[in-house]
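Here the structure comes first, spelled out in structure tokens, and everything after it is commentary.
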């Protein structure tokens, strides 16, 4: 009941408001500007997806099939860009390439490719590791070159995973907001940025609702197409599971593995090192001025609050998000095991994966930003939005663990006289405590870096760190840029610390 009521009240009602507002503009509404932006965003997303796939496939292949020193570090490092806030990554590329490239299409594509490499590596690599390596060995023994063996043997079995990963990357790039605001120009707008403009600048909510509805329809079509393609190709994947990694057998293979691993680590580290350099450097040389300015109200901002206050706001929202998303997500996962309607509730809880943050923020503003229930002056709207975004990730962490736990413990407890509730928590309680903390930490990571919904719902006097970074970048001056870099490094360090804590809890879980 808890996740069902949460979803009906805080997801169903806002989306209903968006649908209602989308028909208030009348039948004479002109969709041509929105369609033009959609086509431009689709082109940018397509190029970003192709680049991410082409760069990510060799990295996925090396990590999935070869064992080498530093493999675990490389795999973890490649995942870092995906969990970092998009605003931080955009700022890192602005510092790294801003002097060589003007804001526009190319910078946006490079940043999107960087962010989404982890999607290709993780999804495709998981399938690649399950394939039977003997098929490639047979092809090579019959005279096929490595490229021909890959194209004729490996690629057909990876096509489903590649289609699935590519559709997810396309949606992320198509609905991008933070990267477009920091690195884009008038030719690289997305529907997400257009929704923000129509609500924040033009105050045209009916038009914004129609734009959000158009984006939701396009995103749903892409995800359904990717799912359909994946289902068609699933039968081609081998059902055998070969997870044993093997070292490179020849000098050429060792060189290839070394080059790919080195390139992967360099691609990830260069923007982050550039960002760290900018936070410790000004026109006169090395300095700690930008870090010491974090506590100052007049540190290149709008005098409405210090960057340090923004850090406190983000931490407060992250804590609330971790608690709320943890309770709702764990409740939905438990419902799958304990009630016939649990699967339906869990499936609905995954819906935010296909809903943009801008649409969600707009819906919450329309539903709960005006009488009779005006929550704009409270601190709950942003944590609610962040919790809705994080609930699918919590379910993805908790549910597999619960399904893998031996249910015979609950049966044994029941046979000894325990009530159903006590029997359940006797069997699942110890593992649930650990995984719930990990899932809450993951939700807090999402909250720390989320920008789309926060850009709609944040109060001007109480911004989150990503919103504060964008405000700093919109103001001229070396101080504003330097403090923005220092704030971004705070997010980088905080996010990595949370991810490391989640990994440590995961290892503890498996040891138990």
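Set against the labelled values (i) 146; (ii) 210; (iii) 174, volume of the Cα convex hull per residue in Å³ computed from this structure falls on (iii). For the peptides 428-440, 408-420, residues were scored by their other Cβ atoms within 10 Å and the scores averaged per peptide; the highest-first order is 428-440, 408-420.
Taking label points 7 Å from Cα along the Cα-to-Cβ direction, residue 316 and residue 497 give a separation of 1.9 nm. Sorted largest first, the principal axis extents computed over the alpha-carbon atoms of the stretch 31-279 equal 65, 46, 25 Å. Residues 290, 128, arranged from fewest to most other Cβ atoms within 10 angstrom of their Cβ, appear as 128, 290.
Taken together, the values in this text are just the output of simple stated rules run on the coordinates, not laboratory data. Since the model is a prediction, treat every value here as computed from it, not as a measurement. Every residue, glycine as well, gets a Cβ built from its backbone with ideal geometry; the counts of neighbours run over all protein chains shown.
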